[in-house]
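Accompanying notes for the structure given below.
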Amino acid sequence: MGYDKNIPGWLLENKQAGLCRCGCIGIRKKTGFLEKTINDVAEVLKESVFSEQLATSRGMLQNVDPRFKLVTVAYLLAVTALVRHIPTLVGLYLFILMLAHFSRVPLMFFIKRVWLFIPFFTGIVVLPSIFNFIRPGDPLINIISFSHPVKLGFIRLPEVISVTKQGLAGAGLIILRVGVSVSLAVLLTITSRWGELLKALRVFFIPKIFVMVLEMTYRYIFLLLTVITDMFTARKSRSIGEGTGKESRRFVSVGIGNVFGKAYFLSEEIHEAMISRGYTGEAKVTDRFRIAVQDIVWAIMILIIGIIFLGGDLILGR
Amino acid sequence: MADNTGVLEPTEIVFELNDVSYSYLNEPPVLKNINLKVHRGEQIVILGANGSGKSTLQKILDGLIFPTAGTVKAFGCDLSEENLNDRQFSRDFRQRVGFIFQNSDAQLFSPNVWEEIAFGPLQLDLPKGGVEARVNSIIEALGLQSLKDRPPYKLSGGEKKKVAIASVLAINPEVLVLDEPTNGLDPRTQMWLVEVLIKLHQAGKTIITATHNLDIVKDIADRVIVLNEEHVIAAEGNSETILRDRELLIRVNLIGEHYHEHRHTGEDGHGHSHYHHHKH
């Protein structure tokens, strides 16, 4: 090929390195941060592809104009915040599950996505309110019984610490309300494409430039994720033996710097590309939204259903 | 020349560069004393090795950066930062000159292909119906129907380049500046691109392509400008003359000494050249 004179001699030797004849020795490498990062990024990309598939499938909510969808979900969120009884919230949740079903969202996925986290976060927040020393009420279960009231600093504990009926009902109401609200938000996001949802935000008078920046951020996250995967995969392909923690930390810090540098240069180039096509700093965007009869029918239906739930809740309160 | 409304009038000379030099901050210059005239309807290739300053020269032609020395005229007017700050001048210039970047990812910043192509016409304040008609027709012309709702990260390299070209053509510029357009493209997409450029040239567009892909030069150049690694114009001439000058191509580090041009002639009498690397 003509380059032989420039290639060092050792590179032209073909020694058979590695792959011992006696085969594997049974000592497995631990999954390191390289594999973990690569897998995590792959997981994010897989999730986004799955969401995109759901958002473009021909389900009930997917066929609604994103602006109508956004406004009606906001309305249902307001209804959720206003109702005060657990049966109404359960009814609302069942209605959301029905919407999810008709929108071709796998129900187990949908339920798990919401309920795996809510008991942890909201549950921890509302936990103290189930006890009688925070919210006095009719005791359901007695936890600890002292012979006299106990004073812990400025907290005065009653003789018997118990879980109260009112406390439990209040906590259940809050957890359920959060669950229903999050379910609505999840249903909205998984049945809409991100770009369309961001554009729909403009019905709430969100400035165009803000929407444009959000759209671009979302678009370039994927590019930078690919850069990170390539960087980590390249490192993995050259990793022989197990690296030290110090080396790994150095690699990550240098990597962060590299990605920052790449993002910076890319942003300059993107700006030039925008200017080249006539961008003057004033965001001009368009959408392809078309209001159809089904959107109006949808809006009226949700309006009526919301009123029914609010009315039902009022009746329950009498 | 610009009239008193700032609108650029048609001229025979599209670009005129006089003693143009450019350096990034206090770095050594990446372009030195460039003198160049580009005529209306010409197809020019700027040939040069990596780092010879092709991209910088093209960014100067597109008014994205401004020379540190010398002057640039576009359509008879000074292409200066001050003039480009004028709304009317800037809009007119941006409509007349389209730039296709080497890195398609920088050029595809919209959420999906349709909106990407619509970006340019929207900035030019076309009515909504006009934008839609224009975008749909360019999508059809370039055969991008199946891609129109796709986000950019779901496009292959070739598809990205096609969309980038469509997004610039949607502005209907009279001058098209392309930076290394065949980089990373498979042979079939390269052929597609060359055919598009030939058609656009036949339609009267001025086409300025920077490349180091010698295989496409003859098809897309009336005139070739060669930049060397000292960042000056090393030679200028028609594509036949430049490509035959092996000494020149070796001197500017575009080919090695074992590169050879091969010419194939088909049964229909049409021929094409390409370059091989091997010893004779």
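The values are calculated or read from the model by the stated rules, or taken from the named source; none is laboratory data. Note that the structure is predicted; figures quoted are calculated from it, not measured. Backbone-built Cβ (ideal geometry, glycine too); neighbour counts: all protein chains shown. Areas reflect the complete protein model, heavy atoms only, side chains present, ligands, DNA and RNA absent. Shrake-Rupley method; radii C 1.70, N 1.55, O 1.52, S 1.80 Å.
The tail of the calculated P(r) for segment A:51-158, taken as Cα-Cα distances beyond 17 Å, holds 72 percent of the pairs. Can you return the aspartates and glutamates within cross-link range of B:K199? Criterion is Cα-Cα under 12 Å, with same-chain partners fewer than 8 residues away left out. Answer for B:K199, where 12 Å is the Cα cut-off: B:D219, listed by chain and number. Please give the FRET efficiency for B:R188 paired with A:I206, using the beta carbon to beta carbon distance and R0 = 51 Å, rounded to the nearest 0.05. Computed FRET efficiency for B:R188 and A:I206 comes out at 0.75. Measuring only protein heavy atoms, the 1.4 Å probe finds B:W192 accessible over about 50 Å². Rounded to the nearest whole Hz, the Karplus-based 3J(HN,Hα) values (6.51 cos²θ - 1.76 cosθ + 1.60, θ = phi - 60°) of segment A:296-303 follow the sequence 5, 4, 4, 4, 5, 4, 5, 4, with x at glycine and proline. Among the GluC sites (Glu not before Pro) within segment A:230-314, those in coil by DSSP and having at most 12 neighbouring Cβ atoms inside 10 Å are A:E242, A:E282. How large is the convex hull of the Cα atoms of segment B:86-214 per residue, expressed in Å³ as a whole number? Spread over its residues, the Cα hull of segment B:86-214 gives 111 Å³ apiece. Computed with a 1.4 Å probe on the full set of protein chains, the accessible area for A:R135 sits at about 110 Å². Within the same chain, lysines fewer than 8 places from B:K160 are excluded, and of the rest, those with a Cα less than 19 Å from its Cα are B:K148. Put a plus charge on the Cβ of each Lys and Arg, a minus charge on the Cβ of each Asp and Glu, and nothing anywhere else: the dipole of the protein assembly as shown about its Cα centre is then about 3220 debye.
Its DSSP H runs of at least 4 residues, each contributing -39,500 (n - 2.57), put the calculated 222 nm mean residue ellipticity of chain B at -10000 deg cm²/dmol, to the nearest 500.
If only the Cβ of Lys and Arg carry +1 and only the Cβ of Asp and Glu carry -1, the dipole of chain B around its Cα centre is close to 480 debye.
Rg then Dmax, both in Å and based on the Cα atoms of chain B: 19.2, 63. Relative to its Kirkwood radius, the Cα radius of gyration of the protein assembly as shown gives an Rg/Rh of 1.09.
Database remark: amide H of B:I225 closer than 5 angstrom to the amide H of B:V45, B:I46, B:L47 (H placed geometrically; neighbours at sequence offset of 5 or more, or on other chains; Pro and chain starts carry no H).
With θ taken as phi - 60° and the Karplus curve 6.51 cos²θ - 1.76 cosθ + 1.60 applied, the whole-hertz 3J(HN,Hα) list for segment B:220-234 is 10, 9, 8, 9, 10, 10, 9, 9, 9, 6, 8, 6, 10, 6, 8 Hz, x standing for glycine and proline. Relative to its Kirkwood radius, the Cα radius of gyration of segment A:157-285 gives an Rg/Rh of 1.21. Projecting the alpha carbon convex hull of chain A along each direction and taking the average yields 31.1 nm². Here the convex hull built on the C-alpha positions of segment A:209-318 has a volume of 261 cubic angstrom per residue. Residue ranking by accessible heavy-atom surface, 1.4 Å probe, largest first, among A:I270, A:I111 comes out as A:I111, A:I270. In degrees, nearest 10, range 0 to 90: what is the angle between the Cα axis of helix A:208-237 and the longest Cα principal axis of chain A? In chain A, helix A:208-237 runs at an angle near 50 degrees to the longest axis. A Förster distance of 22 Å, applied to the separation of the beta-carbon atoms of B:R40 and B:A133, puts the FRET efficiency at 0.20. In this structure segment B:40-99 gives 35 Å² per residue of accessible area when probed at 1.4 Å with all protein chains present. With both labels modelled 7 Å from their Cα along Cα-to-Cβ, the A:S129 to A:V163 distance reads 1.6 nm. Amide H contacts for B:S21 (H built 1.01 Å from N in the peptide plane; partners 5 or more residues away or on another chain; cut-off under 5 Å): B:N33, B:I34, B:T68, B:A69, B:G70. Between chain B and chain A, the total buried accessible area stands at approximately 3400 Å², from heavy atoms with a 1.4 Å probe. Put a dot 7 Å past the Cα of B:E81, heading toward its Cβ, do the same for A:I256, and the two dots end up 3.4 nm apart. Remark: segment A:77-93, residue by residue, has Karplus-estimated 3J(HN,Hα) of 5, 5, 4, 4, 6, 8, 6, 10, 10, 4, x, 5, 5, 4, x, 4, 5 Hz, where x stands for each Gly or Pro and the curve is 6.51 cos²θ - 1.76 cosθ + 1.60 at θ = phi - 60°. Solvent exposure of chain A amounts to 63 Å² per residue of accessible area, where only protein heavy atoms count and the probe is 1.4 Å. Only beta bridges with both residues in the protein assembly as shown are counted; by DSSP, about 65 percent of them are antiparallel. Atom-type composition of the exposed protein surface of the protein assembly as shown places 59 percent of the accessible area on carbon and sulfur (1.4 angstrom probe). By DSSP, the beta bridges lying fully in chain B are antiparallel in about 55 percent of cases. Measuring r between the beta carbons of A:L140 and A:L224 and using R0 = 41 Å, the FRET efficiency lands at 0.20. Dipole of the protein assembly as shown computed with +1 at Lys/Arg Cβ and -1 at Asp/Glu Cβ about the Cα centre; of A:T80, B:A49, B:G237, farthest Cα towards the positive end is A:T80. Here A:S145 sits with roughly 90 square angstrom of accessible surface, probe radius 1.4 Å. For the residue pairs B:K54/B:K128; A:K236/B:K162; B:K37/B:K218; B:K154/B:K218, alpha carbon separations beyond 28 Å are given by B:K54/B:K128; A:K236/B:K162; B:K154/B:K218. Peptide B:102-108 shows a mean partner chain C-beta count of 6 within 10 Å per residue C-beta.
Under 21 Å Cα-Cα from A:K69, which lysines qualify once same-chain neighbours fewer than 8 residues away are excluded? Within the straight-line limit of under 21 Å, A:K69 reaches these lysines: A:K199, A:K208.
In this structure the amide hydrogen of B:V14, modeled in the peptide plane, comes within under 5 Å of the amide hydrogens of B:V38, B:H39, B:R40, none closer than 5 places in sequence on its chain.
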